[in-house]
There are 2 protein chains.
Amino acid sequence: MNKKNNQYMLEAFKLAAKGKNLVFPNPFVGAIVVKNGKIVGKGFHKQAGKEHAEVNALNDAGIKAKNADLYVTLEPCSTYGKTPPCTAKIIESKIKKVYIGALDYNPRHRKKAESILNKKGIETEILDFGEKNSELNKVFNFNIKYSLPYVHLKAAISLDGMICDSRQNSKWITCEKTRLYSHYLRAKCDAILVGSKTFNLDNPRLNIRNRSKTITKDPAVIIISASGKLNLKNNLLKNTTEREVLILTTPSGKRNLQGKINNHNTTIKSFSRRTHLSIKPCLTYLKKRGYTSILVEGGSSLLEQFLQTRLFQELHIFMAPKVFGKGSKNFSSNANIDFANKKNNLSLITSKKIENDIYLRYKNVYWDYSSIR
Amino acid sequence: MNKKNNQYMLEAFKLAAKGKNLVFPNPFVGAIVVKNGKIVGKGFHKQAGKEHAEVNALNDAGIKAKNADLYVTLEPCSTYGKTPPCTAKIIESKIKKVYIGALDYNPRHRKKAESILNKKGIETEILDFGEKNSELNKVFNFNIKYSLPYVHLKAAISLDGMICDSRQNSKWITCEKTRLYSHYLRAKCDAILVGSKTFNLDNPRLNIRNRSKTITKDPAVIIISASGKLNLKNNLLKNTTEREVLILTTPSGKRNLQGKINNHNTTIKSFSRRTHLSIKPCLTYLKKRGYTSILVEGGSSLLEQFLQTRLFQELHIFMAPKVFGKGSKNFSSNANIDFANKKNNLSLITSKKIENDIYLRYKNVYWDYSSIR
């Protein structure tokens, strides 16, 4: 691979990664315009419904785009969506050659841009950045492949795997620095899922406290509660909340809640049967509602269901240097897991020491998801 | 601190660390002889009863030691023990100046060498390596301070803190590479302690398989078994074993075992009462018997007793990327631990990724041992 091309494309990938959870359900894309060895335009996709990366980069370059090269991390789109096709903008800008980092996973666009551009005399070349794009757009690709949201599980545990000490305390297991660090996960997702017990006991805010300068928004909150017995005075149900709070419940749970919640951003979705409140139908519904990536923050009952069904893609463990011992609650002790099946093993991607805590990020890579299509 | 002196002393510390578990119950010590800016002699303490580091370095230097400087990590000894005092050898070698890394923790020697040497016209200077020596000789210092062995706990666990899956399998939780790596702990200790259940079920060899070129020996094996019901056909009780196998038991347990063990290196120690088989009296006895550092390899009952009594100094966790879930056995679930007491928190010293496993080394630093003197 040409070294210079490689550098420009990596630059475009850096831009792409600046998009945060506002981009969903679109993929992260970055683009740069290069003329006579100089970068004359930069852009990335900032928010769903707004301009694509190529358009931002071409607008940034202005008339300098004429006869310049365009480096774009993902194949440009070629159809009308919320915005006109990027291929049209590229043609209009009189770009000489387009370097493409990876083909689009979405069948609507896959392998379409090249012939459109070539017909107009614009050269194209695909560089070998498929793997880098797969990592960057794992959520997008997973969504398209399985019509399900990409699921992160998060658990703060003691050294002996306890999620809750014998005094039923589960809120402050790890240190303050770790808890703040863990908020980065919230910024990666468009919704946070909690069980009713966690919601009632912890009265969580589930907001992003270590917000970086890049634009992000607090994810929506989803509460699963079959009975609908929720503490209506809790923070998230106050009428000051600006993000969606979605309660997944049963018809009787809905009757319990109806008319009692002041927060106008709260939606109550009732599933006709209690069994429909299990993981798979909930996830399918959430994807249809537009949620692309979900962070499951507990409690143990929800975590156990996800561990059992394997309907998660990443597991994030924040482990404190404490042994809780007798009477405490393990995060998996009710989960039926076929541990002898090697597909149930996880792959350790990152480990990071935070004071005396350790953060461990695992991927569920050995599992075969084709059965859940 | 003089930069050159610093470098020479670090060199001596590197040598000191080459001593392995043969050194116990002595401290690790290294020494170098420097003349006209050149290292002319090197030595370290290799084995209890053999020459001290200073003597090895001075012998290595030979006649070049005259008017040279000696760098020794620990204050030279000044009394007759198994070998003559190092101060005598230093005087005899006509050393000009002695640089001392740290004072000896042992009251027999502490602050004695300087005046002896000074009287003979040999200059002395103490460099500030106390902390480095404390880390290197943590076992030696702990032994002297508390008259107890330094205790390492080791546990191979799943992500949910399980030491044993629901099929009672506890042998192969972590991957092969991790298991081999964990043997480095055995090379650091002079004895390995196991409970009778682990001994009977796992039939372990408890030897050092990744032996480095430095001299080490397989640690002794200590089995705690009140009933004396041990599988006599197990590897460690065969008559081929060359190291001590010590069985701590009760009078009735002793009667069960007497005359039935072929291995002539096996000793049966019976404590008059069952309660004497608890951690504290066992450790006191083991220290008196000459054991300075002990690795506790399980099972869960022993680990729980150590976690409860806090009579351990380090905890080594080897964690596999698996969740065992329902029916498996947690490594602490019967331990009564006052987890709210911050003294029970551990300090995370090292973390190391080994394939998909993680190794975590914790120190029990917040605990106050003065109560156990």
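The values are calculated or read from the model by the stated rules, or taken from the named source; none is laboratory data. From a predicted model like this one, the values you see are computed outputs, not experimental measurements. We place every Cβ from the backbone using ideal geometry, glycine too, and count neighbours over all the protein chains shown.
Before moving on, here are some points about what is shown:
- Condition met for A:ARG179 (more than 24 Å from A:GLY290 (Cβ to Cβ), away from every other protein chain (no Cβ under 14 Å), in contact with a helix residue (DSSP H, G or I) (Cβ under 6 Å, 6 or more places away or on another chain) and not polar (S, T, N, Q)): no
- Hits in region A:286-301 (condition: within 28 Å of A:ASN26 (Cβ to Cβ) and crowded, with 16+ Cβ neighbours inside 10 Å): A:LEU286, A:LYS287, A:TYR291, A:THR292, A:SER293, A:ILE294, A:LEU295, A:VAL296, A:GLU297
- The one condition from (1) farther than 22 Å from B:GLN47 by Cβ; (2) of a type outside the set (D, E, K, R); (3) surrounded by 13 or more Cβ atoms within 10 Å (Cβ to Cβ) that B:LEU246 does not meet is (1).
- Those residues of region B:314-348 which are over 19 Å from the mean Cα position of the chain (by Cα), in contact (Cβ under 8 Å) with a residue 60 or more places away in the chain, outside any loop (DSSP other than H, G, I, E, B) and within 7 Å of chain A (Cβ to nearest Cβ), in sequence order: B:ASN330
- Just so you know, in region A:159-173 the residues that are of a type in the set (A, V, I, L, M) and facing chain B (nearest Cβ under 8 Å) include one that is farthest from A:PRO204 (Cα to Cα), and it is A:LEU159.
- Strands (runs of 3 or more DSSP E) wholly inside region A:218-310 that include at least 2 residues being of a type in the set (A, V, I, L, M, F, W, C): A:220-224, A:245-249, A:293-296
- Matching residues, region A:88-108, being part of a strand (DSSP E or B) and surrounded by 20 or more Cβ atoms within 10 Å (Cβ to Cβ): A:VAL98, A:TYR99, A:ILE100, A:GLY101, A:ALA102
- Of all residues in region A:289-313 being in contact with a Phe, Trp or Tyr (Cβ under 7 Å, 6 or more places away or on another chain) and more than 12 Å from chain B (Cβ to nearest Cβ), the one that is nearest to B:TRP172 (Cα to Cα): A:GLN313
- Condition check for B:GLY121: surrounded by fewer than 20 Cβ atoms within 10 Å (Cβ to Cβ), touching a residue at least 24 places away in the same chain (Cβ under 8 Å) and either out of contact with any Ser or Thr (no Cβ under 8 Å at 6 or more places or on another chain) or among the hydroxyl-bearing types (Ser, Thr, Tyr) (or both): no
- Across region A:127-154, the number of residues qualifying as buried (at least 16 other Cβ atoms within 10 Å of the Cβ), touching a strand residue (DSSP E or B) at 6+ places or on another chain (Cβ under 6 Å) and not in a loop (DSSP other than H, G, I, E, B) comes to 8.
- Among the residues listed as A:ARG310, A:ARG274, the single one being among the basic types (Lys, Arg) and at positive phi: A:ARG310
- Top-ranked residue in region B:349-365 [being of a type in the set (S, T, N, Q) and more than 8 Å from every other protein chain (Cβ to nearest Cβ); ranked as farthest from A:PRO321 (Cα to Cα)]: B:THR350
Condition check ((1) of a type outside the set (Gly, Ala, Ser); (2) at pLDDT 95 or above) across all residues:
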{"residue": "A:LEU286", "(1), (2)": "yes, yes"}
{"residue": "A:VAL296", "(1), (2)": "yes, yes"}
{"residue": "A:GLY299", "(1), (2)": "no, no"}
{"residue": "A:PHE312", "(1), (2)": "yes, yes"}
{"residue": "A:HIS316", "(1), (2)": "yes, yes"}
{"residue": "A:MET319", "(1), (2)": "yes, yes"}
{"residue": "A:PHE324", "(1), (2)": "yes, no"}
{"residue": "A:GLY327", "(1), (2)": "no, no"}
{"residue": "A:ALA335", "(1), (2)": "no, no"}
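One line per residue, one yes/no per condition, for (1) under 28 Å from the mean Cα position of the chain (by Cα); (2) of a type in the set (Gly, Ala, Ser):
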position	(1), (2)
B:HIS52	yes, no
B:ALA65	no, yes
B:ALA68	no, yes
B:PRO76	yes, no
B:GLY81	yes, yes
B:ALA88	no, yes
B:ALA102	yes, yes
B:TYR105	yes, no
